[in-house]
Amino acid sequence: MSTTDLNALPMILVVDDSNFVRVLLRQFLEGEGYQVAEAKDGASALAQLQHQPFDLVILDIVMPGMDGKMVCARIQECIPEPPPVLVMTAMDYDEEVDQVYNAGAVDYVRKPLKWRVLRNRIRYILKAHRSSRELSILSKKYEMILDFAENGISGLDREGNISYINQAGQRLLGYRAEEALGKNCREIFRIARSGSNSFNEDCCPFVNPEYKKAVVRFDEIRIERRDGTTFPADLRATPIIQDGQLTGGVVVFQDITERQKAAQIIRHMASHDALTNLPNRNFLLQRVPQAISLATRQSRRLFLLFIDLDRFKPINDQYGHSVGDIVLVQVGKRLSRTMRASDSVCRLGGDEFVVLLESAATLAGAIMVAERIIELLNEPIQIKDLSCSIGASIGIAVFPDDSEDTETLLRHADQAMYAAKKKGRNCWHLYGDQVKSQER
């Protein structure tokens, strides 16, 4: 087992100024199945450690020039992944033992060496070092996996301080790892709930003793980056509980900008006509009840204009649906330009359109709008060399005079439109007049 290959035979460096001791140790260690290298002083030992990985250093504490304590300290300072150091000493002073441990040694044995004791010490140290190496390799593999994750991932200690943050988290928050590590999570994760401008929401309340230690979910929040800009996000904070005690936590978060855009597109597609991009029947059935509620509170009328194009079918039959589609798009544009921002122009399908007229205060105003629509749609629609002439039959239903619910109001406007067709087309008809004529 070397520091580069866990399956190789362990490599041990023996450092002692006595050639006799080095020979004895080599014979013993090779007999135990280890690979052995030698160094007669601290300088040559450090040189070998710089160029070759070792699994253990057995080091005499008393040597001329650089003594064992100094060599041990230099190993900890200069070697990136220092191997464990087992010190040999003939001294029996507590102070000397403390100095050995303070210099970085993991254990010591006394001279003259007892081979059985040495054998077991070496086995224990190598086993512990191997476990530490395996754990380190596993940790690096997991860290590499986390660094390739698209979601931001951060680890916390029991105090709520940042102990780890992956590359995605650094990118999303605008912090380098060294800037975030050790900082409290509330300082790094500045979040605000939807509709709030206060970025003081506690992202990890479970670090407080009085809080129930449970997963915390934040949906569609905003997170403030290091530079003060913000982004929409989802965030989950999970406590790590061991033996009933909080030992840390994990924060997982993601930028949901694209998801929100996609959801917005889906909502738009569900409520708008694909050809004309006008609101569709779904939109109308949701919007009319809202308009009725507002009109009721304000004690005013509401007008629904049901529009069916005249002479549209011959255009489709003669020139094809591609030309018919262009005509429908142009009709939608003309209707939209005619209406005010408070009005809604919808395409129900085919050549049927509906205007929810909220800007007109009186029936006379609604009739003027209907007449204006008929006038606009009588103007020919030019498509390259074609001049397409259409018209419009319009039915008008009034809230609350004709109905007080959406479906009935729409049905009455439709019936009034068919009455306009019967009157000769290219005109409007009021549903209330139709009822009065039936009553007579």
Q. Which of the residues spanning the range 254-302 are in contact (Cβ under 8 Å) with a residue 40 or more places away in the chain and small (Gly, Ala, Ser)?
A. 291, 295
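Only one of these is free of Cβ contacts under 8 Å to residues at least 40 places away in the same chain, assigned by TED's automatic domain parsing to the domain that holds residue 319 and within 50 Å of the chain's Cα centre (by Cα): 387, 342. Name it. Lay out the reasoning, then the answer.
Details: 387 fails: within 50 Å of the chain's Cα centre (by Cα).
342 is the lone residue from the list that is free of Cβ contacts under 8 Å to residues at least 40 places away in the same chain, assigned by TED's automatic domain parsing to the domain that holds residue 319 and within 50 Å of the chain's Cα centre (by Cα).
If you take the residues of the range 171-227 that are touching a residue at least 40 places away in the same chain (Cβ under 8 Å) and surrounded by fewer than 17 Cβ atoms within 10 Å (Cβ to Cβ), which of them is nearest to residue 158 (Cα to Cα)?
So in the range 171-227, the residues touching a residue at least 40 places away in the same chain (Cβ under 8 Å) come out as 172-175, 179, 185, 189, 191, 203-204, 206-207, 220, 223, 225-227.
In the following step, the residues that additionally are surrounded by fewer than 17 Cβ atoms within 10 Å (Cβ to Cβ) were identified as 174, 179, 220, 225-227.
On the way: 174: 24, 179: 19, 220: 27, 225: 24, 226: 24, 227: 28 Å.
Of everything passing the filter in the range 171-227, 179 is nearest to residue 158 (Cα to Cα).
A quick yes/no check of all residues on (1) under 39 Å from the mean Cα position of the chain (by Cα); (2) outside any strand (DSSP E or B); (3) modelled with pLDDT of 85 or more:
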site	(1), (2), (3)
92	no, yes, no
117	no, yes, yes
121	no, yes, yes
130	yes, yes, no
Q. Within the range 289-310, is even one residue farther than 19 Å from residue 397 by Cα and surrounded by 15 or more Cβ atoms within 10 Å (Cβ to Cβ)?
A. yes
Q: Scan the range 294-339 residue by residue and report those that are of a type in the set (A, V, I, L, M, F, W, C), closer than 26 Å to residue 403 by Cβ and under 47 Å from the mean Cα position of the chain (by Cα).
A: 294, 295, 302, 303, 304, 305, 306, 307, 335, 339
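Using the structure shown, decide if residue 416 is in the same structural domain as residue 303 (by TED's automatic domain parsing), more than 27 Å from residue 294 (Cβ to Cβ) and in contact with a Gly (Cβ under 7 Å, 6 or more places away or on another chain). Can you show your working first?
Values: in the same structural domain as residue 303 (by TED's automatic domain parsing): yes; more than 27 Å from residue 294 (Cβ to Cβ): no; in contact with a Gly (Cβ under 7 Å, 6 or more places away or on another chain): yes.
Answer is no for this residue.
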(Q) Need the failing condition index for residue 360 against (1) modelled with pLDDT of 95 or more; (2) crowded, with 18+ Cβ neighbours inside 10 Å; (3) closer than 18 Å to residue 416 by Cβ, just the number. (A) (1)
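For the range 336-440, give me every one of the helices (runs of 4 or more DSSP H) that falls completely inside it and has 3 or more residues that are closer than 27 Å to residue 318 by Cβ and out of contact with any Lys or Arg (no Cβ under 7 Å at 6 or more places or on another chain). Working first, answer last.
On the way: elements: 363-378, 406-422, 431-439.
Ranges flagged: 363-378, 406-422.
The values are calculated or read from the model by the stated rules, or taken from the named source; none is laboratory data. Because the structure is a prediction, the values reported are computed rather than measured. Neighbour counts are summed over all protein chains in view; Cβ atoms, including those assigned to glycine, are modelled from backbone coordinates with ideal geometry.
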